[in-house]
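To start, the structure itself, in structure tokens.
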Amino acid sequence: MGRQIPRPQSERIPRSLNIVHYQPSQPTPPHLALISPRRKLLYLLDGSYLEDDKSSGHADHPHDMETDPVGPNFTTINLALLFFGVALAMFLSFLDTTIVSTALPAIGAHFHAVGQISWVATAYLLTSTVFQPVLGRCADIFGRKPVILTCITVFLVGCGLCGIAHSMVQLVIFRGMAGMGAAGLMILPGIIVADIIPLHRRAIFLSAQGVIFAFSSVLGPLLGGVFTDHASWRWVFFINLPVGGIATLCLVFFLRIPAPTGNFRTKLGRLDGWGILTLTAASTGFLLPVMWGGNQFAWDSAAIVGPLVGGLLCLVVFVMVETFVAPEPLIPMHLFAQRNVALGLAAILLLGMVLLGHLYYMPIYFTVVRGESATTAGTKLLPFLLGLVVSSLLSGAFINKTGRYIPPIWLGSALATLGLGLTSLLDRHSGVGQQVGYLIVFGLGAGLCIQPLLLVVQSAVTDADVAVASACYGFAQNIGSTLGLAIMSSVLNNVRDHALRLASHTYHVTLTADATNLTHLSHEATNAYRDAYVQGLRMMYLVAMPLMVLCFLTSLALCHIPLRTTMGGVAPTHSF
């Protein structure tokens, strides 16, 4: 299990805090009206509140309760509106990841640049991934509020410019700009929640974020299809503006976390410039070849091998800079000496490889193999949404009640593996019950893993490192998603193309046939074309199964670290 690292004496809290549960038959806690609004909210959520140890002699004094890090200006309505604004910001960042997918064909046709449409997705994914660690450190140096407001402004300006773009080049540049802002919106909500909510009460709020991720992932393609079919593809970007405006107002008026002291120039000087430069180069050198390989360039071409080698060299330089040069590292290397941090990041990377690929390619099963419309295919993903929402909320309630956050990961990774295996059995003749049931199983598994893994990482670090650790979590998930899409796409394309080549000798099926419009083919040729996709999808899910098995095995090596009941300090952790 490794050695335990004791909590530094300076970080120990002199008074313990106990959880007191009240049954409905019990009277209202006598001093509930005196405790902080944040504690009232926690009491209303789960029927519990924190009370000082009676032996301390301070239980009757609200100011002696657990220190409220955000000050006395929070009210219950203030907290509710703050969480609403934070949730909207996160919703927009995840929604914008998927909403564009169904609009890409229309965008390519509008600009007469079908061959360049992949750059619309690439620019957003690249910048939203690369800037996450940078913005995590910026949140520590400049403060949460200035950084998240800057991010949402950059995101909204980028989206607005995308909506009025006059060329594909402009659109790609503006998508990259929107991705820079989205990077902060993906990670800062979790950091803000960590600032406000004690670790042992954080699970229910993080589960709500898992629900937001699920809704945005499923609603994105649906809304994109509706706007493209019934309005204009430009509304895919414009829709973010009014929603983002509401989120901005909530953050401006209700986010009251004090910013660190110091002038702007001093804070700017604290940024790890060499770390930012080398990590950006390393990430770009890895992500671009992964997104290009097998699509725009052959895997063994210089356009792929060159950036990969350059990215690897930059990664080595980055580690050396962070270890020996940077006085305030962008990503402190000591974090990875903690077992739960390293294993938690590895697990979310593996889950990310599987999750986004599943969401991305399941609509292909419905549109190509089943012959459904794009809108119908989006609605067919609702069982996955149901499973993920239910399991996210259940895992949050379980952790909130027991303080144990590793068992949901064990169960979730096992269920997700089972769901992938069942999904690989789908074919042209699979019934609705099979489609719904298999998606629910996978959704249940994914929902049990996503937010508990974030708790694994956050519980293993000091509060001073929560922002950086949370940024690394989002960074690892995005890297995994990109790598997983590349692997799944390569497997699907290779197996499908091989099957189509064999079928072409009998049914005259061509590799260039439009997968969504097979009316020009004979009945036998259509079935052969769809069967080729079935074979590709089946092999893709079978390849994904070992990744989830590895995620499960990784979770078995996690060690339980008690969730802190106080704000500040760090619980005992385990190193390798």
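What does the C-alpha gyration tensor say about the overall shape of the range 126-202? Classify as rounded when a/c is under 1.5, otherwise prolate if a/b is larger than b/c, or oblate.
prolate
Pop the C-beta distance of residue 498 and residue 116 into the FRET formula with R0 = 25 Å and round what comes out to the nearest 0.05.
E between residue 498 and residue 116, to the nearest 0.05, is 0.35.
Please label the shape of the range 172-306 as rounded, prolate or oblate, based on the square roots a ≥ b ≥ c of the eigenvalues of the alpha-carbon gyration tensor (a/c under 1.5 means rounded; beyond that, a/b larger than b/c means prolate, else oblate).
oblate
Report ³J(HN,Hα) in whole Hz for each residue of the range 188-198, in order, from the Karplus equation J = 6.51 cos²θ - 1.76 cosθ + 1.60 where θ = phi - 60°; Gly and Pro get x.
5, x, x, 5, 5, 4, 5, 6, 9, 9, x
P(r) for the range 332-576: what percent of alpha-carbon pairs falls in each 10 Å bin, starting at zero?
With 10 Å bins starting at 0, P(r) equals 8, 29, 29, 18, 10, 5, 1.
Give me the number: length gained by fully extending residue 559 to residue 167, i.e. 0.36 nm times residue separation minus the C-alpha to C-alpha distance, one decimal in nm.
Values: separation 392, 0.36 × 392 = 141.12 nm, distance 5.23 nm.
Length difference between fully extended and current span is 135.9 nm.
Once the Cα atoms of the range 77-263 are picked out, what are the Rg and Dmax in Å?
Final numbers for Rg and Dmax: 16.7, 54 Å.
Residue by residue, what Karplus-based ³J(HN,Hα) values in Hz, rounded to whole numbers, does the range 205-220 have, using 6.51, -1.76 and 1.60 with θ = phi - 60° and x for Gly and Pro?
6, 5, 5, 4, 5, x, 5, 4, 4, 5, 4, 5, 5, 8, 6, x
When a/c is below 1.5 the answer is rounded, else prolate if a/b is larger than b/c, else oblate, so apply that to the range 272-329 with a ≥ b ≥ c taken from the square roots of the Cα gyration tensor eigenvalues. Mind dumping the intermediate values first?
Working: a/c = 4.70, a/b = 2.95, b/c = 1.59.
Cα axes put the range 272-329 in the prolate bin.
Binning every alpha carbon pair distance of the range 367-421 at 5 Å from zero, what are the percents per bin?
Values per bin, smallest distances first: 4, 16, 19, 19, 14, 11, 8, 5, 3, 0.
With a 10 Å Cβ neighbour count serving as the proxy for reagent exposure, in which order, fewest first, do 395, 490, 522 appear?
Exposure proxy ranking, most exposed first: 522, 490, 395.
May I ask for the distance between the Cα centers of the range 285-330 and the range 530-564, given as a whole number of Å?
Measuring centre to centre over Cα atoms gives 25 Å.
Tell me, 145, 380 in order of fewest to most beta-carbon neighbours within 10 Å?
With the fewest neighbours first, 145, 380 line up as 145, 380.
Just to check I understand the Karplus step: with θ = phi - 60° and J = 6.51 cos²θ - 1.76 cosθ + 1.60, what whole-Hz values come out for the range 243-250, glycine and proline as x?
With coefficients 6.51, -1.76 and 1.60, one gets 5, x, x, 5, 4, 4, 4, 4 Hz.
Hey, fewest Cβ within 10 Å first, where do 196, 257 land in order?
If I rank by nearby Cβ atoms, fewest first, I get 257, 196.
Dipole size in debye (nearest 20) for the range 77-263 around its Cα centre, Lys and Arg Cβ +1, Asp and Glu Cβ -1?
About 320 debye.
Over the range 250-349, consider all pairs of different Cα atoms and compute the Kirkwood hydrodynamic radius from their mean reciprocal separation; express it in Å, one decimal.
16.4
Taken together, the values in this text are just the output of simple stated rules run on the coordinates, not laboratory data. Here the structure is a predicted model, which means the values were calculated and not measured. Please note: Cβ atoms are built from the backbone with ideal geometry, for glycine as well, and neighbour counts cover all protein chains shown.
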